[in-house]
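Structure first, then comments.
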Amino acid sequence: MARLLASLIVILMAAGFCSTAALGETTQEVVNKAPNGLALTPPMGWNSWNKFACDVNERTVRDTADAMVSSGMRDAGYQYVVIDDCWQGPRDANGFITADAKKFPSGIKALADYVHSRGLKFGIYSDAGRLTCGGRPASQGHEYQDAITYARWGVDYLKYDWCSTGDRNAQEAYAVMADALRASGRPIVFSMCEWGTAKPWLWAKNTGNLWRTTGDIFDSFATKDPKRDWAHTVLQIVDLNEPLWPFAGPGHWNDPDMLEVGNGGMSPTEYRAHFSLWAMMAAPLMAGNDVAHMDDTTKSILLNKDVIAVDQDTLGQQGHRAWKDGDSEVWVKPLSGGAKALLLLNRGETPVTIRASADQLGWPAGVRATVRDLWAHKDLGRWTGSIEATVEPHGVAMFRVAP
């Protein structure tokens, strides 16, 4: 029935009998009532933007898919290969979107087929306005056409941005595309990139599978770039995203933006902290580096299966800050089976010893538990009382504690 509805919609639109706005009004009530059942753990994969921006092409995407397999990323849980902005060509005579023929000479369907042949899933990008942030044709007025096109191409994931939207209402705009994706008959994870302006965590639980909570990330741990006031450092994003922990859960995640690990703007210590904090916040883990040419340090961070397990824990609770004193912080994330992930963060410029108590973990003082250091990959034995570690500047210590 969903495929039949989508096909009928596209035929009517091509013939000029109805508008997307009208379809949004009639289908939102029917289709957009329950979760779509996707992304029950935070999505993991790769997105082209942070490293390649508009300089993305078919060869880069194929090489990335190959490298995700050969490096072990696929087996570690990274599923999605997502082309961000600037893949689009013009719309055809009937209004259907096409790919940039110079960048993607084989077409998007052939590329999606290749990604699928590597045991991965394929994602693409559009925008709720008239133009994308890169100035390419976007989806406003073509939502149902684009959704059925994506389904025919084999798209598994859509990142949907918020440029050139004018005075459009975000809740309406994202609901229309959510309904269009459902009507396409293909399960497509819906990533809402509205930057948190309209507070989507308050209304988008059954609209999108993840929603951006901030502006774009900048490849810096704590130093702001004065030339890019729209971009946020890792610590700025952490402070904006952390209070939203009650709104995250299976199928609907707070998204603090894609990973910068391996892009050169931070030290290995800072990248480990970045990756650890995203895992504690149950954030989507979307690598944003040149996967085909990453060094061993980058690989060791992105492939830390102990930290990934914290992010992907099926309980689906976002961790949060349990204690703060100056630059020292204690973070706790509940895990399935009664365990907790514990992170000690040093935001400062000198080493500091940070101690976490049973009370901060939410346990009685005399509890006994086993402790594993997730970056040393080492079991530390039985614990009672408190856990402490000396943490380097801009660094973290991270543990799994199980009673």
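Quick check: convex hull of the Cα atoms in the stretch 150-260, volume per residue, rounded to a whole Å³?
Details: hull volume 13.4 nm³, N = 111.
Convex hull of Cα atoms, per residue: 120 Å³.
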Subset of K199/K333; K205/K340; K51/K103; K199/K340; K224/K305 violating a 27 Å alpha-carbon distance limit: K199/K340; K224/K305
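Based on Cβ point charges of +1 for Lys and Arg and -1 for Asp and Glu, what charge dipole magnitude is obtained for the stretch 320-402 about its Cα centre, in debye rounded to the nearest 20?
Details: 11 positive and 9 negative charges, 81 e Å.
With Lys and Arg at +1 and Asp and Glu at -1, about 380 debye.
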Sequence ranges 204-216, 63-75, ranked by mean other-Cβ count within 10 angstrom, highest first: 204-216, 63-75
Rounded to 5, percent antiparallel among DSSP beta bridges of the stretch 2-311: 15
Filter on K324/K378; K159/K378; K299/K378 - keep pairs with C-alpha separation over 28 Å: K159/K378
Pairwise centroid distance, computed over Cα atoms, of the stretch 180-230 with the stretch 249-296, Å: 15
Stokes-Einstein D (µm²/s) once Rh is taken as the Kirkwood radius of the chain over alpha-carbon pairs, at 37 °C in 0.692 mPa s: 150
Estimated 222 nm signal from helices in the chain, with DSSP H stretches of n ≥ 4 weighted -39500 (n - 2.57), rounded to 500: -8500 deg cm²/dmol
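Since every read-out is calculated from the coordinates, none of them should be taken as a lab result. As the structure is a computational prediction, the values presented were derived from the model and not from experiment. Glycine gets a Cβ as well: all are built from the backbone with ideal geometry, and neighbour counts include every protein chain shown.
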